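What follows is a set of notes on a single structure, which appears directly below.
Values quoted throughout were computed directly from the atomic coordinates according to the rules given, and no laboratory measurement underlies them. The model shown is predicted, which means the values in this text are computed figures rather than measured ones. Counting neighbours? That spans all protein chains shown, and the Cβs are built from the backbone with ideal geometry, glycine included.
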Amino acid sequence: MKIINLPTNLLRTFVTVVEVEGFTKAANILGRTQPAISLQVQRLEQLVGYKLILRVGKEVSLTEQGESLAVYARQILQLNDIAIARFEPLNKGGIIRVGLPLDYAVNLLQAKLTELIKNNPDLRIEIRCDLSRNLIELLRNNEIDIAVALFEGNDQQFLFQNWTEKPTWVGAKNFTPPLNLEIPLVVHPHGCVYRDRMTTALKLAGLRWRIAFSSPGIGALQRAVCDGLGFSCLTEPTLRKGMTSLSIVDGLPSLEPLHIGLFARQAQLGISGYTIIEQIKEIFANKQTNGDI
């Protein structure tokens, strides 16, 4: 039986095309010409005996076989890059751009990454905080390399690992406005997953609400809740003293679970990128062990 070996350079080209959704963009990232990228994908298709990528104009999409191979290709590249990383200095390569959500566990994640930077002074990390949907778009546009973001659970592009967490209603202690009137909400701007969870749950429950306070910053939102400006929806890492958790017993509807994803442009991570990813995975593993997720 003839054994077929899949060259990692072909797999890296294939994954890069998938990640950036285009041959020209992949060529720019990999430092090759567009025809060279096309030829490498064709060589990979010849090796596996199936069409992997369909091209309609500038649009690309994966065939069923392409979707299957993409899963294995990422695993092979990860093992390859981790193995090579054992023989390379940590500071080899450029800056790794990391996106963190404004709301979910930003303090915890930022503190742990800061600790990582202090312990590895040669590690070059650029941290950017934004709304989750903006982070995923930045990842698609190759403006960041790694992101932790809330998502709806159906966006598999760049997804490295995912977790779920149950959000909870919160309000200030001794803050009890009548729920038969408009419920005051403390929220992030439009596009925030927490905001969508709250308004959808209230709408389905037939309850009225109004926006009492809005801010893109988690600190301002936490202060507004503690000051008694309204109710909000948070998760365990963002709860603060002065807040109290609320539930159906208090007259508020149940909230759907949140999906938290670790996303990365795997084809260009390198040792520094995998070091950061392992740190983030360790943070979530510790949270699960402690029963926080």
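Numbers below:
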{"quantity": "Considering only segment 168-256, percent of DSSP beta bridges that pair antiparallel, nearest 5", "calculated": "55 percent"}
{"quantity": "Phi to ³J(HN,Hα) by Karplus 6.51 cos²θ - 1.76 cosθ + 1.60 over segment 20-25, Hz, x for Gly, Pro", "calculated": "9, 6, x, 6, 5, 5"}
{"quantity": "Count of Lys pairs (Cα-Cα under 27 Å; at least 8 positions apart or interchain) in the chain", "calculated": "21"}
{"quantity": "Chain lengthening between Asn174 and Ser245 when straightened (0.36 nm per residue, less Cα-Cα)", "calculated": "24.4 nm"}
{"quantity": "Mean separation of Cα contacts under 8 Å (6+ apart) over length of the chain, as relative contact order %", "calculated": "21 percent"}
{"quantity": "Cα point-scatterer Debye curve for segment 41-125, base-10 log of I(q)/I(0) at q = 0.15, 0.16, 0.22 Å⁻¹", "calculated": "-0.85, -0.89, -1.03"}
{"quantity": "Segment 168-256 - Debye-derived log10 I(q)/I(0), Cα point model, q = 0.25 Å⁻¹", "calculated": "-1.49"}
{"quantity": "Gaussian network model of the chain, Cα within-10 Å springs - most flexible of Gly261, Gly219, Gly230", "calculated": "Gly219"}
{"quantity": "Loop-resident sites, segment 115-157, for GluC sites (Glu not before Pro), counting at most 15 other Cβ within 10 Å (DSSP)", "calculated": "Glu143, Glu152"}
{"quantity": "Descending Cα extents along the principal axes, segment 8-85, whole Å", "calculated": "38, 27, 19"}
{"quantity": "Rg over Rh, two decimals, the chain (C-alpha only, Kirkwood Rh)", "calculated": "1.05"}
{"quantity": "Positive dipole terminus of the chain, leading residue within Ala27, Cys129, Leu159 (C-beta point charges)", "calculated": "Ala27"}
{"quantity": "Helix 270-289 axis, angle to the chain major axis (alpha carbon atoms, nearest 10°)", "calculated": "40 degrees"}
{"quantity": "Length released on extending from Leu39 to Lys281, taking residue separation times 0.36 nm less the Cα-Cα span", "calculated": "83.5 nm"}
{"quantity": "Of Val186, Val106, Val56, the one that fluctuates the most in a GNM where the chain has Cα springs shorter than 10 Å", "calculated": "Val56"}
{"quantity": "Cα centroid separation, segment 1-47 to segment 239-268 (Å)", "calculated": "39 Å"}
{"quantity": "Charge dipole magnitude, Cβ of K and R +1, D and E -1 - the chain, Cα centre, debye nearest 20", "calculated": "300 debye"}
{"quantity": "The chain: most fluctuating residue of Pro35, Pro189, Pro216 per GNM, C-alpha cutoff 10 Å", "calculated": "Pro35"}
{"quantity": "Helix-derived mean residue ellipticity, 222 nm - over the chain, DSSP H n ≥ 4, -39500 (n - 2.57), to 500", "calculated": "-13500 deg cm²/dmol"}
